[in-house]
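Q: What follows is a single structure, and I will ask about it in a moment.
The values are calculated or read from the model by the stated rules, or taken from the named source; none is laboratory data. Note that the coordinates shown come from a computational prediction; the quantities given were computed from them, not determined experimentally. Every residue, glycine among them, receives a Cβ derived from its backbone with ideal geometry; neighbour counts consider all protein chains shown. The protein model used for the area step is the full one, side chains on, heavy atoms only, and it has no ligands, DNA or RNA in it. Shrake-Rupley method; radii C 1.70, N 1.55, O 1.52, S 1.80 Å.
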Amino acid sequence: MAPKRVIAHLDCDAFYATVELLKRPDLKGKPLIVAGSGPRSVVTTASYEARKFGVGSAMPASQARRLCPTAVVIPPDFTAYREKSREVWTIVRSRLEAVQGMGIDEAYADLTGVEKPLRVLRELVEQVKKDTGVQISVGVGPNRLIAKCCSDLGKPAGFVAMGREEACIRFAAAPTRRLPGIGPKTAERLAEMGYVTVAQLQEADEAQLAARFGDRWARYLKARATFHDDSPVETESGAAKSVSTERTFDTDVETHDEQEKILRALARELCENLQAKRRQGRTVAIKVRLADWTTVTRAKTLDGSTNDVELVTETAVALLRAYAPPQPVRLLGVRLAGFDDVEPDKPPAPVAPVGQLMLPV
């Protein structure tokens, strides 16, 4: 009998703000906003003291200043964030075998078969806090979906574990938007059908959902509402075939100007990271997730390998402009692939259909 899955979601609390407070301990307890100084700058992150005023990431910095006029506003320091992130995840990977990074400040871990996994996680959180000053909130469940939902409970310094049946009850009264994978547009369409809460979606008629969303999406929505998820924690060995930087926003980013500004910052962060590792790639790609959860990728292969900030940035921005997102955006990412130090995948051998000969070409 296979052991029960134990999946954890590790999420650094207000990571960028934490790094800034470690550099400036005199700011502790004060509302802090990390944002650029330009007229179109957006909030990178905010401390919990500032969030009480309604400030959130990806919000226009001018709006954030109006909401919290007493906040201390400082520019982002991505070099410091990368260095601190490296410290945190080096400790995590030294104690856990199966870890999948999801960005600079979060990761999934598979602790299936690990003896006393909750104790292991508590000791890990304590060590990270002691050695780096970063607080991690942890969600634990039998799959990634539950772990992700749990890590948001009790923040900051949350530690929540539950099974699937408990999750169905615990989140029953929550709006469907609370479930990762259900964006505001989908939630709006579900509400029009009378499905406002997770509990209502659990009891929804799948045939009715299929008539509105299609068979595949209907099955997905029901699986989300009942907390079924078999997606694996994926780990890679050796040099990564692609490296990306992405960000999910607290509030959907509506204007193309704001989207471009965020993408430029992400591209710079990506290239500086690759420059430090002396890696170059040929294929630049962007990832755009719209408000209704539609995810679109666009890519362009360059003439030669690069990690040049300006070239990668302008290529990514050109891809974004060509796509011109038709809805507000809830996630943006930029990726570089086709590295010099990774052998390209070999194409699979062709397989002839039954009863058909394979002819040489």
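Q: Considering only residues that are of a type in the set (A, V, I, L, M, F, W, C) and crowded, with 20+ Cβ neighbours inside 10 Å, which ones fall in the range 234-261?
A: Correct list: PHE249, VAL253.
Q: Since THR45 meets every condition but one in (1) in a strand (DSSP E or B); (2) at positive phi; (3) not charged (D, E, K, R), which condition does it not meet?
A: It fails just one condition, (2).
Q: Same structure, new question: Restricting attention to the range 307-351, and to residues there that are at pLDDT 90 or above and β-branched (Val, Ile, Thr), which single residue is nearest to LYS277 (Cα to Cα)?
A: Applying the filter and picking the extreme gives VAL309.
Q: Additional query: Based on this model, can you work out whether GLY54 counts as open to solvent by 30 Å² or more (accessible area, probe 1.4 Å), touching a Ser or Thr at 6+ places or on another chain (Cβ under 8 Å) and either farther than 22 Å from LEU332 by Cβ or not in a helix (DSSP H, G or I) (or both)?
A: It is false that GLY54 is open to solvent by 30 Å² or more (accessible area, probe 1.4 Å), touching a Ser or Thr at 6+ places or on another chain (Cβ under 8 Å) and either farther than 22 Å from LEU332 by Cβ or not in a helix (DSSP H, G or I) (or both).
Q: Can you work out which of the residues in the range 109-145 that are of a type in the set (A, V, I, L, M, F, W, C) and out of contact with any strand residue (DSSP E or B) (no Cβ under 7 Å at 6 or more places or on another chain) is nearest to ALA80 (Cα to Cα)?
A: The extreme case among them is LEU124.
Here's the yes/no breakdown for (1) surrounded by fewer than 18 Cβ atoms within 10 Å (Cβ to Cβ); (2) part of a loop (DSSP other than H, G, I, E, B); (3) out of contact with any strand residue (DSSP E or B) (no Cβ under 6 Å at 6 or more places or on another chain); (4) touching a residue at least 24 places away in the same chain (Cβ under 8 Å):
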| site | (1), (2), (3), (4) |
| --- | --- |
| PRO180 | yes, yes, yes, yes |
| ALA187 | no, no, yes, no |
| ALA191 | yes, no, yes, no |
| LEU201 | no, no, yes, yes |
| GLN208 | yes, no, yes, no |
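Q: I want to confirm something. Restricting to the range 87-111 and keeping residues that are of a type in the set (D, E, K, R) and not in a strand (DSSP E or B), which single residue is least open to solvent (accessible area, probe 1.4 Å)?
A: ASP105
Q: Just to be sure before I move on: is PRO142 under 29 Å from ALA46 (Cα atoms) and at pLDDT 90 or above in the structure I sent?
A: For PRO142, the condition - under 29 Å from ALA46 (Cα atoms) and at pLDDT 90 or above - is not met.
Q: Would you check if LYS277 is without any contact (Cβ under 8 Å) to a residue 24 or more places away in the chain and within 19 Å of ALA322 (Cβ to Cβ)?
A: No, not satisfied.
Q: TYR81 versus (1) open to solvent by less than 20 Å² (accessible area, probe 1.4 Å); (2) out of contact with any helix residue (DSSP H, G or I) (no Cβ under 7 Å at 6 or more places or on another chain); (3) hydroxyl-bearing (Ser, Thr, Tyr): which is the lone unmet condition?
A: It is condition (2) that TYR81 fails.
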